[in-house]
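Heads up: the structure comes next, in structure tokens.
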Amino acid sequence: FHISLLYLPYTKRKNLANEFEIGQGLLGQAVLEKQIILLQQVPDDYMVINSGTGEANPKNIVIIPCLINDKVNAIIEQASFHDINHSQLDFLKMISNNIAINIHSAENRENLNKLLEKTQFQSTQLQEQQEELMATNEELEEKTNSLENQTIKLKESEEELKAQKEELMAINEEL
């Protein structure tokens, strides 16, 4: 199991990994512990937040695992220029639960759609097989009817032959 990060918009950054193993780095540790990690008084050389109008060093970084059914299905890393208080942490916990639920729902919908597609494919295959079986049954019925007709004709021919044999025997006796 590994964690993949997606930065929006995605930019590959120098010396920063985009995948983490459980327990590896702060993100991996947050996944392992299933707990929020709060870094306060981040060193100036730790990271820089850039925007179109400027850049600055964050004061705090918080890493929030998104849990559902005691499993992490996402992780949020947020940097802040200000101290993060308890009400803000509670808010982040709440939205992380909502994010986890929405991701879980999206995964379930995707799995459901895959199962639906598989079921529809199987249904199509079964219909094709049913049509083939019906065609085969019709052919067998035609052959059976043909055989019955041939059997009837053979019986009629056999009766005619018996009648001819009896006539021949009667003529033979007269002679």
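The values are calculated or read from the model by the stated rules, or taken from the named source; none is laboratory data. Please read these numbers as outputs of a predicted model, since none were measured by experiment. Here the Cβ is made from the backbone with ideal geometry for all residues, glycine too, and neighbour counts use every protein chain on show. Ligands, DNA and RNA are excluded from the accessible area calculation, which covers all protein heavy atoms including side chains. Shrake-Rupley method; radii C 1.70, N 1.55, O 1.52, S 1.80 Å.
Ranked by the mean number of other Cβ atoms within 10 Å per residue, highest first, peptides 57-70, 138-151 order as 57-70, 138-151. Magnitude of the charge dipole for the chain, about its Cα centre and with charges confined to Cβ atoms of Lys, Arg (+1) and Asp, Glu (-1), is about 2160 debye.
Working ranking of peptides 77-88, 31-42, 105-116 by packing, defined as the average number of other Cβ atoms within 10 Å per residue, highest first, is 31-42, 77-88, 105-116.
Counting only protein heavy atoms and a 1.4 Å probe, the chain has 81 square angstrom of accessible area per residue.
Given their separation in residues at 0.36 nm each and the Cα-Cα distance between them, Leu112 and Gln41 gain 21.0 nm when the chain is fully extended. Mean sequence separation of contacting Cα pairs (under 8 Å, at least six apart), scaled by the length of the chain, corresponds to a relative contact order of 11 percent.
By the helix-only formula, in which each DSSP H run with n ≥ 4 contributes -39500 (n - 2.57) and the sum is divided by residues, the chain has a 222 nm mean residue ellipticity of -21000 deg cm²/dmol. For a modelled paramagnetic label at Val48, 7 Å from Cα along Cα-to-Cβ, the residues of segment 69-89 in reach, with backbone nitrogen under 19 Å, are 79-82. Listed values (1) 61; (2) 73; (3) 53 include one computed from this model; for percent of Cα pairs over 20 Å apart that value carries the label (2).
For Gln24, the residues whose amide H sits under 5 Å from its own are Gln29, ignoring neighbours fewer than 5 places away on the same chain, with H placed 1.01 Å from N.
Once the Cβ-Cβ distance of Glu21 and Ile103 is raised to the sixth power relative to R0 = 22 Å, the FRET efficiency obtained is 0.60. Toward the positive end of the charge dipole of the chain, with +1 on the Cβ of Lys and Arg and -1 on the Cβ of Asp and Glu, the farthest Cα among Ile37, Asn102, Gln127 is that of Ile37.
So if we plug the beta-carbon distance of Ala163 and Gln130 into 1/(1 + (r/R0)^6) with R0 = 45 Å, what FRET efficiency do we get, rounded to 0.05? For Ala163 and Gln130, the calculated efficiency is 0.40.
Full extension of the chain between Asp83 and Lys34 gives 15.4 nm of extra length, using 0.36 nm per residue less the Cα-Cα distance. Here the 3J(HN,Hα) profile of segment 107-117, calculated from phi with Karplus coefficients 6.51, -1.76 and 1.60 at θ = phi - 60°, is 4, 5, 4, 5, 5, 5, 5, 4, 5, 4, 4 Hz, Gly and Pro shown as x. Each Lys and Arg adds +1 at its Cβ and each Asp and Glu adds -1 at its Cβ; summed about the Cα centre, segment 100-171 shows a dipole of about 420 debye.
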